[in-house]
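These notes concern the structure reproduced below.
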Amino acid sequence: MGERVQLTDDSGRITTITLAEGGEYHTHRGVLAHHELIGAPEGTVVTNSGGIQFQALRPLLKDFVLSMPRGAAVVYPKDAGQIVTMADIFPGARVVEAGVGSGALSISLLRAVGDEGTVHSFERREEFADIARGNIETMFGGPHPAWKLTLGDLAEQLPEVEEAGSVDRVALDMLAPWECLDAVAHVLAPGGVVMCYVATVTQLSRVAEAMRADGRYTEPEASETMVRGWHVEGLAVRPDHRMVAHTGFLIQSRKLAEGAVRLAPKRRASKSDYTEEDLQAWTPVALGERIVSDRKLRRAGRDATNLAEQAAKATAQIDPDSRRENTPQSTEDTNHE
């Protein structure tokens, strides 16, 4: 009970439910009692009262991220996978992340670093932090021992809470990552990677120029990832009509050794400088920052907390001696006013 189950019907429609004693899943084509699934092996096919069959599986990470409560837009699985691989997030790594948003990237980072690593997430808004906490605890069945959360501005707080040269990797998913590059350079170890996720070309341009101007980073590399599915049925093989195209840009660089000078490829002279007028294109309003209502944030926070509580109960029933269940102090909240 309390486990999340993904049901797929014969038309391919997917629904995620949380199992409960005496619970029922209702559709216009019949009712499916939860007791048909409680205790059943994963991959079971069950039939509801209307004769409709459902295939039952635990949601994968990508399924959970796309269906979990959210207050801020999530980092999509295709981008999270690129970040984990291209930034070389390894078991035991010391990672700093900002901002945490709804916790999607945090979950991928925690899986990559394992219990022995550290993911220190920074988030300015307490509402987003509450949603992320609930989603992370739902995913892992309780607090993750590698996760630490700080409420506050990374540019101001990072040098105070992390020692110089102590961080292996930094992931920045925020509106103005160029404002944090100085703080990041202070805590990042030589050879460490900083990866920025931005939505627009104007942000991408300013981050790249800020990295070059800082002088402590290697020549930045920028990319985007687009995923297109394919329909495969016998000899009828063709690309899907719909695809996951642009979600954001990734730009990464590495920390140089102390006193080293960045080597950059020679380029033909061009008008690459930006003016005060250009700077106005990088304001939150001009970039189309989405305003999330307080009501929606409160609802998402309640949903995330309820799911986390149900997941904790399910984990306790499956493994009463679970280490994570006994280490609630593993998630630390530090509120820096």
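The values are calculated or read from the model by the stated rules, or taken from the named source; none is laboratory data. Every value quoted in this text rests on a predicted model; they were computed, and no experiment measured them. For neighbour counting, all protein chains shown are included, and Cβ atoms are generated from backbone atoms with ideal geometry for every residue, glycine included. These area figures cover heavy atoms from the full protein model, side chains too; ligands, DNA and RNA do not enter into them. Shrake-Rupley method; radii C 1.70, N 1.55, O 1.52, S 1.80 Å.
Residues in region 7-24 that are touching a strand residue (DSSP E or B) at 6+ places or on another chain (Cβ under 8 Å) and within 20 Å of residue 309 (Cβ to Cβ): 16, 17, 18, 19, 23. Here 262, 238, 216 are screened, and the one residue that is on the phi < 0 side of the Ramachandran plot, over 29 Å from the mean Cα position of the chain (by Cα), of a type in the set (D, E, K, R) and open to solvent by less than 90 Å² (accessible area, probe 1.4 Å) is 262. Suppose the filter is open to solvent by less than 70 Å² (accessible area, probe 1.4 Å), in contact (Cβ under 8 Å) with a residue 12 or more places away in the chain, part of a loop (DSSP other than H, G, I, E, B) and within 15 Å of residue 87 (Cβ to Cβ); does residue 225 pass it? In short, yes.
Residue-wise test of (1) open to solvent by 60 Å² or more (accessible area, probe 1.4 Å); (2) part of a helix (DSSP H, G or I); (3) of a type in the set (S, T, N, Q); (4) modelled with pLDDT of 65 or more.
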| residue | (1), (2), (3), (4) |
| --- | --- |
| 247 | no, no, yes, yes |
| 252 | no, no, yes, yes |
| 270 | yes, no, yes, no |
| 273 | yes, no, no, no |
| 296 | yes, yes, no, yes |
| 310 | yes, yes, yes, yes |
| 314 | no, yes, no, yes |
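Residue 196: without any contact (Cβ under 8 Å) to a residue 60 or more places away in the chain, closer than 20 Å to residue 222 by Cα, open to solvent by less than 20 Å² (accessible area, probe 1.4 Å) and not hydroxyl-bearing (Ser, Thr, Tyr), yes or no? Spelling it out, residue 196 is indeed without any contact (Cβ under 8 Å) to a residue 60 or more places away in the chain, closer than 20 Å to residue 222 by Cα, open to solvent by less than 20 Å² (accessible area, probe 1.4 Å) and not hydroxyl-bearing (Ser, Thr, Tyr). You will find that of 210, 185, the residue that is free of Cβ contacts under 8 Å to residues at least 40 places away in the same chain, more than 19 Å from residue 106 (Cβ to Cβ) and either surrounded by 20 or more Cβ atoms within 10 Å (Cβ to Cβ) or touching a helix residue (DSSP H, G or I) at 6+ places or on another chain (Cβ under 7 Å) (or both) is 210 and no other. Selection of region 107-161 for residues being among the acidic types (Asp, Glu) and within 13 Å of residue 97 (Cα to Cα) yields 123, 153. Do the conditions hold for residue 75, that is, is it open to solvent by less than 40 Å² (accessible area, probe 1.4 Å), farther than 20 Å from residue 311 by Cβ, modelled with pLDDT under 95 and touching a Leu at 6+ places or on another chain (Cβ under 7 Å)? Yes: the conditions hold for residue 75.
The numbered conditions (1) at pLDDT below 55; (2) more than 30 Å from residue 153 (Cβ to Cβ); (3) open to solvent by 30 Å² or more (accessible area, probe 1.4 Å) are all true for residue 322 except (3).
Of all the residues in region 78-133, those that are among the acidic types (Asp, Glu), within 25 Å of residue 163 (Cα to Cα) and under 11 Å from the mean Cα position of the chain (by Cα) number 1. Just one of (1) surrounded by fewer than 15 Cβ atoms within 10 Å (Cβ to Cβ); (2) farther than 30 Å from residue 163 by Cβ fails for residue 52. It is (1). Summed over region 2-44, residues that are surrounded by fewer than 17 Cβ atoms within 10 Å (Cβ to Cβ) and either β-branched (Val, Ile, Thr) or touching a His at 6+ places or on another chain (Cβ under 8 Å) (or both) total 13. Looking at region 89-175, the helices (runs of 4 or more DSSP H) lying wholly inside it that each contain 1 or more residues that are more than 19 Å from residue 65 (Cα to Cα) and open to solvent by less than 20 Å² (accessible area, probe 1.4 Å) sit at 154-161.
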